[in-house]
Amino acid sequence: QAPAVATQFVEDMTDAQLASAYDIPAGLTNLGNTCYMNATVQCLRTIPELRDALSRLPPTLSPMSVPAALRDNYHHMDRNPDGFRPSGLLSVLHMAFPQFAEKAENGMLCQQDANECWTQLVRTVQEELKPVELNADGQLVETSRSASSNMGFVDQFIGGRLKSSLKCEEAPEEPQTSSDERFLQLSCFISKDVKYLHTGLKSRLQEHITKHSPSLDRDAVYIKTSLIDRLPGYLSVQMVRFFFK
């Protein structure tokens, strides 16, 4: 008996069928030096919990808000495997953050920093999305923000926590101080000595800083040592290749 569904070979599939079979995300059209935004949108799209949370945003939320525009953009990407022009999201991004709308003398949009775009998008989403928890059926549902943990959705899935200590090298008798610090990403500074990701991350966990010393009543050199106390479900790492002064 012949199979109910005919066998289809990869060689006979269209681009749309291949994208669906291999779960390849839809591409985004470059609208003129908008690769920074496209890369950021594709990066955040890899977080399924984020896409699910955005889909639950209230319909009363203005479509001109960044979270709503990001939600609509992902919806169009899901429906257009051949690619999508993110003009709506770009317009909202320009209104919310005018620095991304800067144009060069020839009228073209200026190149922008992808990490800056990532930071702005994540912070905007952080203000809208509520924390979630697993219900009895194993599904993620919204819950109230915990007053004790003060963690929102972004803190749950993207944010981490460091435990840091400061010790004055010029005044050994000065008591060491400790603190907790939250982060949304870690930075890996690329140099001739950094050949691996873990090497770059580890080098930033101990650094020298200059600050006012209460015991010496002047600026002094401190050594800051940090340990990762909580890793997020999705760790974002900024690959820092150069500095702007």
Discussion item. Give the lysines reachable from LYS103 as a straight Cα distance under 25 Å; neighbours fewer than 8 places away on the same chain don't count.
Written reply: LYS245
Worksheet item: Where does helix 35-45 land angle-wise versus the long Cα axis of the chain, in degrees 0 to 90, nearest 10?
Response: 80
Response to the item:
If the chain between ALA101 and GLU173 were fully extended at 0.36 nm per residue, the gain over the current Cα-Cα distance would be 20.7 nm
Fill in: Partners for LYS163 among aspartates and glutamates (Cα-Cα distance below 20 Å; same-chain residues under 8 apart left out)
ASP155, GLU174, ASP180, GLU181, GLU207, ASP229
Fill in: Per residue solvent-accessible surface (Å²) - region 72-143, probe of 1.4 Å
61
Worksheet item: Which links in LYS192/LYS224; LYS202/LYS224; LYS167/LYS195; LYS167/LYS211 stretch past 20 Å when you go from one Cα to the other?
Response: LYS192/LYS224; LYS167/LYS195
Worksheet, complete the sentence: Taking Cα atoms, the helix 114-128 axis meets the longest principal axis of the chain at an angle in degrees (rounded to 10) of 80
Worksheet item: Kirkwood Rh, Cα Rg: Rg to Rh for the chain?
Response: 1.06
Item to complete: Take the chain, connect every pair of alpha-carbon atoms lying under 10 Å apart with a spring to form a Gaussian network, then pick out the residue of VAL132, VAL92, VAL221 with the largest mean-square fluctuation.
Response: VAL221
Fill in: Paramagnetic reach from LEU235 (point 7 Å along Cα→Cβ, amide N under 15 Å) across region 190-219
196-206
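The values are calculated or read from the model by the stated rules, or taken from the named source; none is laboratory data. Values in this document were obtained by computation on a predicted structure and should not be read as measured data. Note: ideal-geometry Cβ built from the backbone for every residue, glycine included; neighbour counts use all protein chains shown. Areas reflect the complete protein model, heavy atoms only, side chains present, ligands, DNA and RNA absent. Shrake-Rupley method; radii C 1.70, N 1.55, O 1.52, S 1.80 Å.
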